[in-house]
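Take a look at the structure below.
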Amino acid sequence: MTDSLSHEAREALKQEIFSSLHCALPGKVLSFDPDRRTAEIQPALKLGSLTYPPLRDVPVFMPVPFEVTPGDACLVIFADIDIDAWFASGEPEVPNSARRHALSDGFAFIGFRTGGSAA
């Protein structure tokens, strides 16, 4: 059986899939809720004219409690599946939707120091 898609068509399809797949990106803390340990994060990159919207209610990884302040650098990784039901209950749950690697399913790792950050 021969492939019915040309090389160019396969490459275009691959690029379309990859452009909607989110795995990890750098960000900056806009605000932090210490009680919920969640943050509003501004993704810190642009793709051409695309500017990412702020990510809300991002769970923050904090193995040791420390102060999180606006302007802190972070890395946001995106879950393979919808995390809303799990995040609400803290228990294994059936995902609310079939979304994958969505911007609304991120986790923030805070504590990085960038070249523009004070040590």
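The values are calculated or read from the model by the stated rules, or taken from the named source; none is laboratory data. What you are looking at is a predicted structure, and each value in this text was computed from that prediction instead of being measured. Cβ: placed from backbone, ideal geometry, glycine included. Neighbour counts: every protein chain shown.
Odds and ends about this structure:
- Counting only residues that are within 14 Å of residue 75 (Cβ to Cβ) and free of Cβ contacts under 8 Å to residues at least 60 places away in the same chain, the stretch 85-111 holds 3 of them.
- Among the residues of the stretch 1-38, those identified as over 14 Å from residue 106 (Cβ atoms), surrounded by 10 or more Cβ atoms within 10 Å (Cβ to Cβ) and among the aliphatic types (A, V, I, L, M) are 5, 9, 12, 13.
- Selection from the stretch 39-56 of residues that are exposed (fewer than 11 other Cβ atoms within 10 Å of the Cβ) and part of a strand (DSSP E or B): 46, 47, 50, 51
- A Cβ distance below 6 Å, combined with a sequence gap of six or more or placement on separate chains, defines the contacts here; from the stretch 6-30, residues that are in contact (Cβ under 8 Å) with a residue 24 or more places away in the chain and on the phi < 0 side of the Ramachandran plot reach no residue that is loosely packed, with under 13 Cβ neighbours inside 10 Å and part of a strand (DSSP E or B).
- Residue satisfying condition, being assigned to a loop (DSSP other than H, G, I, E, B) and over 14 Å from the mean Cα position of the chain (by Cα), within set 31, 4: 4
- Total residues in the stretch 67-108, condition assigned to a loop (DSSP other than H, G, I, E, B) and either in contact with a Lys or Arg (Cβ under 9 Å, 6 or more places away or on another chain) or of a type outside the set (Gly, Ala, Ser) (or both): 20
- Every listed requirement among (1) at pLDDT below 90; (2) assigned to a strand (DSSP E or B); (3) of a type outside the set (S, T, N, Q); (4) under 14 Å from the mean Cα position of the chain (by Cα) is met by residue 111 save one, (4).
- Output for the stretch 97-110, where each listed residue is out of contact with any Cys (no Cβ under 8 Å at 6 or more places or on another chain) and surrounded by 13 or more Cβ atoms within 10 Å (Cβ to Cβ): 99, 100, 102, 103, 104, 105, 106, 107
- Flag for residue 94 being buried (at least 16 other Cβ atoms within 10 Å of the Cβ), farther than 20 Å from residue 23 by Cα and over 11 Å from the mean Cα position of the chain (by Cα): no
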